[in-house]
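Colleague: So that we are looking at the same thing, I have put the structure below in structure tokens.
Computed from the coordinates by the stated procedures, all read-outs in this text should not be read as laboratory data. Keep in mind that this is a model prediction, so the values were computed, not measured. Neighbour counts run over all protein chains shown; Cβ positions are idealised from the backbone, glycine included.
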Ligand code: EPZ
């Protein structure tokens, strides 16, 4: 198993290029199951989660391969409709083959995705939406077993205890495009990844309106054709690198980025003193040599502050001036990074779904353990500013969502390396 070693204290300088979005690529690759024709998906990040999705497609009898950042899928008349536990247990996003299989094969058997360290993560909204379209669904031996003679369009309210759901919206959208009649999804998720999925489906011949708003309207069609599509840049990877410049007091040009997907983050960073400019798909970030101001953050569904940036923002707040409060409204238990940051000398305590952070002058390098994808990114950021050496283990979490992160950071001056444990 690999680990990452960082020598902190270097202000980063230079250019970083952003990869395609993991959370857009995964449902888009799953959506290719809705056609029999060839699909080519470009700007796909070479990540463990993408490889898992390709393995699921191959296990269904679909020809799927990746070459550089290009994925080619030839579904033809695949026969299987079972997504095995062995895949789903390693990646929750596997659930987004449920909708396409049900719509195309009229049956699907997908292992129930368990909880994970960031929370319980129920799938009741997925099942509610698909049942509303006419699917019979039962849970058997740890699998969601779904079937439908015919899916029919319906008005569906898809709001849960924590607001909208990204993957539930994706699953219902991918089923409704081949359902008979009109579907209206109310309280749909508005994330850029939903817009990207809808735009890919429209390229395949689907009829969709309102993507990116809480009301999405779909007129079902009989069949979908193949398509070629390029995935949007990864806004969370972009946000993570912006914070790498901010936390080290460095200066970075972040290329192939979309600043319009990061308004809540940019607004917060500007308030606390980070200088940010944008032109030609490049974000220019200038951190401050002195401490940044403290912050109050509450995570919310898009366009609110993204929960996938909470851990990284907490790392920044540990070296900011004053008391910061970070409240997690999407995954209230998403605080596995707190104890590891405290091992590095941070001063954080939890109060319900809020973390209270007393900013300190300097963190000190230490051996720490990654617990989930975004927590690992927070530990990298903390290691970049800490005094001395930080060793991060269990970085398989990081490889799920960041393409070559240590190479990209090394290129802009970070003293970082990956070593075999
Ligand atoms: C997506 O997960 C992302 N994953 C997550 O990113 C991200 O944190 C999350 O959206 C929120 O932005 C992918 O796109 C692959 P949700 P998803 O359903 O769709 C509750 C990362 O780091 N809920 O929008 O699974 C749920 O428990 C990952 O890249 C229900 O109650 O998240 C949560 O509290 C981590 N019932 C809230 O809704 C349901 O049926 C939002 O979850 C579904 C969700």
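Colleague: Once a ≥ b ≥ c are taken as the square roots of the eigenvalues of the Cα gyration tensor of segment 221-273, is the result rounded (a/c under 1.5), prolate (a/b larger than b/c) or oblate (a/b not larger than b/c)?
Modeller: Working: a/c = 4.65, a/b = 2.57, b/c = 1.81.
Here segment 221-273 falls in the prolate category.
Colleague: Another question about this same structure. Show me 100-107, 237-244 ranked by packing, highest mean number of other Cβ atoms within 10 Å first.
Modeller: Working: 100-107: 21.8, 237-244: 26.2.
Packing proxy ranking, top to bottom: 237-244, 100-107.
Colleague: Subtracting the Cα-Cα distance from 0.36 nm times the residue separation, let me have the gained length for residue 46 to residue 284 in nm, one decimal. Don't jump to the answer; show the numbers that get you there.
Modeller: Working: separation 238, 0.36 × 238 = 85.68 nm, distance 2.52 nm.
Once the chain is fully extended between residue 46 and residue 284, it gains 83.2 nm.
Colleague: Grab the beta carbon distance between residue 124 and residue 351, set R0 = 25 Å, and tell me the FRET efficiency rounded to 0.05.
Modeller: Working: r = 28 Å, r/R0 = 1.13.
Between residue 124 and residue 351 the formula returns 0.30.
Colleague: Now a separate question. Provide the gained length on full extension for the span residue 59 to residue 364, in nm with one decimal, where the gain is 0.36 nm per separating residue minus the Cα-Cα distance. Please list the in-between numbers first.
Modeller: Values: separation 305, 0.36 × 305 = 109.80 nm, distance 4.63 nm.
Residue separation times 0.36 nm, minus the Cα-Cα distance, leaves 105.2 nm.
Colleague: Separation of segment 267-296 and segment 84-135 by C-alpha centroid, Å?
Modeller: After rounding, the separation between the Cα centres reads 38 Å.
Colleague: Now, a different point. Per residue of the chain, what 222 nm ellipticity follows from adding -39500 (n - 2.57) for every DSSP H run with n ≥ 4, rounded to the nearest 500? Let's see the in-between values first.
Modeller: Working: 13 runs with 125 residues, N = 421.
Helix contribution divided over all residues of the chain: -8500 deg cm²/dmol.
Colleague: Roughly how many whole Å is it from the C-alpha centroid of segment 370-399 to that of segment 204-222?
Modeller: Between the Cα centres of segment 370-399 and segment 204-222 lies a distance of 40 Å.
Colleague: Still on this structure, I have one more. Highest mean first, how do 76-83, 332-339 rank when packing is the count of other Cβ atoms within 10 Å averaged over residues? Don't skip to the answer; put the middle values down first.
Modeller: Values: 76-83: 15.8, 332-339: 19.2.
For the peptides 76-83, 332-339, the packing ranking is 332-339, 76-83.
Colleague: To the nearest Å, what is the center-to-center distance of segment 25-73 and segment 297-356, using C-alpha atoms only?
Modeller: 34 Å
Colleague: While we're on this one: Given R₀ = 45 Å, FRET efficiency for residue 296-residue 2 by Cβ-Cβ distance, to 0.05? Display every interim value, and only then the final one.
Modeller: Working: r = 36 Å, r/R0 = 0.80.
So the FRET efficiency works out to roughly 0.80.
Colleague: Hey, what angle do you get for helix 166-176 against the long axis of the chain, alpha-carbon based, 0 to 90 degrees rounded to 10?
Modeller: 20 degrees
Colleague: To one decimal place, what Kirkwood hydrodynamic radius in Å is obtained for segment 315-421 from all pairs of distinct Cα atoms?
Modeller: Numbers: mean 1/r = 0.0702 Å⁻¹.
Hydrodynamic radius (Kirkwood, Cα only) of segment 315-421 equals 14.3 Å.
Colleague: Describe numerically, in nm with one decimal, the distance between label points set 7 Å from Cα along Cα→Cβ at residue 404 and at residue 251.
Modeller: About 2.5 nm separates the two model spin labels.
Colleague: Okay, next question. Rounded to the nearest 5, what % of the DSSP beta bridges within segment 297-407 are antiparallel ones?
Modeller: Numbers: 9 of 16 bridges.
In segment 297-407, DSSP labels about 55 percent of beta bridges as antiparallel.
Colleague: Also, I was wondering about something else. Working from the pairwise distances between different alpha carbons, so that the mean of 1/r is found and then inverted, what is the chain's Kirkwood radius in Å?
Modeller: That comes to 21.8 Å for the chain.
Colleague: For the chain, give me the percentage of DSSP beta bridges that are antiparallel, rounded to the nearest 5 percent. Don't jump to the answer; show the numbers that get you there.
Modeller: Numbers: 57 of 80 bridges.
That works out to approximately 70 percent antiparallel.
Colleague: So how far apart, in nm, are the two label points at residue 66 and residue 149 if each is 7 Å from Cα heading toward Cβ?
Modeller: Result for the modelled spin labels: 4.2 nm.
Colleague: Something else about it: What ranking do 397, 141 get, fewest neighbouring Cβ atoms within 10 angstrom at the top? Numbers along the way, then the final one.
Modeller: Working: 397 21, 141 9.
Taking fewest neighbouring Cβ atoms as first place, the list is 141, 397.
Colleague: Relative to the longest principal axis of the chain, what angle (0 to 90°, nearest 10) does the C-alpha long axis of helix 192-203 take?
Modeller: That works out to roughly 30 degrees.
Colleague: Here's another thing I want to ask about it. Determine, from the Cβ-Cβ distance of residue 182 and residue 15 and an R0 of 56 Å, the FRET efficiency 1/(1 + (r/R0)^6), rounded to the nearest 0.05.
Modeller: 0.75
Colleague: Ranked by Cβ crowding within 10 angstrom, fewest neighbours first, how are 121, 343 ordered? Show your work: numbers first, answer last.
Modeller: Working: 121 14, 343 17.
Ranking 121, 343 by Cβ neighbours within 10 Å, fewest first, gives 121, 343.
Colleague: Helix 263-272 against the longest principal axis of the chain: what's the angle in degrees, Cα atoms only, rounded to the nearest 10?
Modeller: Relative to the chain, helix 263-272 is tipped by roughly 10 degrees.
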